[in-house]
Amino acid sequence: FYQFFFFFPAKIAREDLPQEAPKALTADEQKRYVAAAQASRRALDRAVPLLLINTGIRIGECAALDVGDVSVAGRKARIIVRNGKGDRYREVPLNEAARDAIRDWLLERNKRFDEIQTEDALFLNPQGRRMSATSLDRIVRKSGKACGIDLSAHVLRHTCLTQLIRKGHDLILVA
C-alpha cells in the first residue's frame, strides 16, 4: 500500500504472538474417544479414527491410502505413506487396535463391494470411490461427538505425536 502511493515504508513494530503448544487430547479424553470409536457399529467408523489416533498420519495421507499400502497380517502390521508432506515416503507401524479395526473394515469392504467395480482406495464411499478428506474428517468428528469431545483429525495427529514424545521417543524421529 505504501509503495503504491510512493510513501516511505511504515515503521511499525510487529506484535509477537505467544507460541502455543498444539492442542492434544488429555489421557482421559483419549480413552473416551477410543472407547467411542470402538463402540461404533460400522467397521469404517471404527477404522478411520483408530488409524488416525494410533498412527498420527495426516487426514490427506489417510484419504490417499490404497489397499496395497496396508499390511495387517503377521507381526509387521504397517501402513505405507507414499506421498507424505514434501513427497516423503514412510512406513508407519500399526498397533493391535488399529490393525484389528482395519482388518474388520477390509472384510466388510470386500463383502460390500464384491460385485462392484471400485477404486484401489482403502476407504471407499457407498459408490465405491475414494473417500475425500472431508468425509473422513466427518467420521472423526462423529466419534468425538459421541463422547462429548469437539475435535478434528489434526487434533488426533497432535495427540499421537504428543504421546510418543511423553513416552520418551526421540523428538527428531517423531518430527
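The values are calculated or read from the model by the stated rules, or taken from the named source; none is laboratory data. Computed from a prediction, not measured in an experiment: that's the story for all the values here. Cβ atoms come from the backbone with ideal geometry, glycine included; neighbour counts cover every protein chain shown. In case anyone asks, the SASA skips ligands and DNA or RNA and just uses the protein heavy atoms, side chains included. Shrake-Rupley method; radii C 1.70, N 1.55, O 1.52, S 1.80 Å.
In this structure ARG129 has an accessible area near 130 Å², from a 1.4 Å probe over the protein heavy atoms. For the stretch 44-141, chymotrypsin sites (Phe, Trp or Tyr not before Pro) are listed when DSSP marks them as loop and at most 14 other Cβ atoms sit within 10 Å of their Cβ; the list is TYR89. When the chain is treated as a Gaussian network with alpha carbon springs shorter than 10 Å, the biggest mean-square fluctuation among ILE102, ILE165, ILE139 belongs to ILE165. A cut-off of 5 Å between modelled amide H atoms, ignoring neighbours fewer than 5 places along the same chain, links ASP66 with LEU122. Estimated purely from DSSP H runs of n ≥ 4, each contributing -39500 (n - 2.57), the mean residue ellipticity at 222 nm for the chain is -14000 deg cm²/dmol once divided by its residues.
Summing +1 for each Lys or Arg and -1 for each Asp or Glu, what net charge is found among the other residues whose Cβ lies under 11 Å from the Cβ of SER152?
Numbers: positive: LYS23, ARG138, ARG141, ARG157; negative: ASP137, ASP150.
Value of the local net charge: +2.
Taking all protein chains as shown and a probe of 1.4 angstrom, VAL72 keeps an accessible surface of around 20 Å². Placing pseudo-labels 7 Å out from each Cα toward the beta carbon at ARG138 and LEU173 gives an inter-label distance of 3.9 nm. Highest GNM mean-square fluctuation among ALA13, ALA39, ALA24, for the chain modelled with Cα contacts below 10 Å: ALA13.
Over 30 Å apart at the Cα level, from the set LYS31/LYS76; LYS76/LYS111; LYS76/LYS145, are LYS76/LYS145.
Which three numbers, in whole Å and largest first, are the semi-axes of the equivalent ellipsoid of the chain derived from its Cα gyration tensor as √(5λ)?
Semi-axis lengths for the chain are 35, 21, 17 Å.
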